[in-house]
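The values are calculated or read from the model by the stated rules, or taken from the named source; none is laboratory data. Computed from a prediction, not measured in an experiment: that's the story for all the values here. For neighbour counting, all protein chains shown are included, and Cβ atoms are generated from backbone atoms with ideal geometry for every residue, glycine included.
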Amino acid sequence: MAISQHPREFVAIVLAGVATLAIFVNALFLQHGPHPAPIFATRPSLAAPARTAAPQAAPDAGTQRAQVVSDIQRELARHGFYDGVIDGVWGAKTDAATRDFLTAAGLKLNPDAGDTLLRAIATSNVRGGAGNAAAPPHNDPIAELIAPTQRVLAVQRALADFGYGQVKPTGVVGADTQAAISKFERDHRLPVTGQISDGLVRELSAMTGRPLE
């Protein structure tokens, strides 16, 4: 027989087979982690890494206020109280139009940019007449002098807001307005004239923190 004729070769073959079997068993069943040189190669994962959404930058307060002011101007114009530019700037004309609306609507709200004011204007049925008032004839200088002006209105409202008399915003300088101006001029060490001047307007603007014209 072949085994009896070549016993050494047979033993070597058996030992080699046992060793090979032991290697396979160890690699496939006894290793708890990945083998340094795995018998069966694995494909790398093709899954793409998850993308994280870039955070959206929140609009700053200045941009939000400008948008609210623009919406207020647009609603005031739609209701006939404002005939200026829709620019998102709270100036004297926007302030005057807002106060005119609040007076006409009988509302006691803070005349400043905000969602509450915007909703009040948008849902109101009150109509104004901005841009529809007849201008005084240019050949009548007296009518031009006594016609209401936005500058006088702004001064009267500022004086009334800060307690300088019971000034009614009529747009025409009367005795009550002159008395209020005189009191303001004395309090702020200005020449007492009782008249609206550039210096008075500058002082009132600085006190209110908003332009009057």
Margin query: Can you pull out every residue in the stretch 176-209 that is surrounded by 14 or more Cβ atoms within 10 Å (Cβ to Cβ), hydrophobic (A, V, I, L, M, F, W, C) and either without any contact (Cβ under 8 Å) to a residue 40 or more places away in the chain or part of a loop (DSSP other than H, G, I, E, B) (or both)?
Written below: 179, 180, 181, 184, 190, 196
Notebook entry, point to check: Out of (1) crowded, with 18+ Cβ neighbours inside 10 Å; (2) under 19 Å from residue 208 (Cα atoms), what's the single condition that is false for residue 81?
Noted result: (2)
Note to self: Among (1) out of contact with any helix residue (DSSP H, G or I) (no Cβ under 7 Å at 6 or more places or on another chain); (2) at pLDDT below 85; (3) within 14 Å of residue 151 (Cβ to Cβ), there is one condition residue 169 misses while meeting the rest; what is its number?
What the structure shows: (1)
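Okay, residues lined up against (1) outside any helix (DSSP H, G or I); (2) surrounded by 16 or more Cβ atoms within 10 Å (Cβ to Cβ); (3) at pLDDT 70 or above:
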{"position": "21", "(1), (2), (3)": "no, no, yes"}
{"position": "24", "(1), (2), (3)": "no, no, no"}
{"position": "27", "(1), (2), (3)": "no, no, no"}
{"position": "86", "(1), (2), (3)": "yes, no, yes"}
{"position": "97", "(1), (2), (3)": "no, yes, yes"}
{"position": "100", "(1), (2), (3)": "no, yes, yes"}
{"position": "113", "(1), (2), (3)": "yes, yes, yes"}
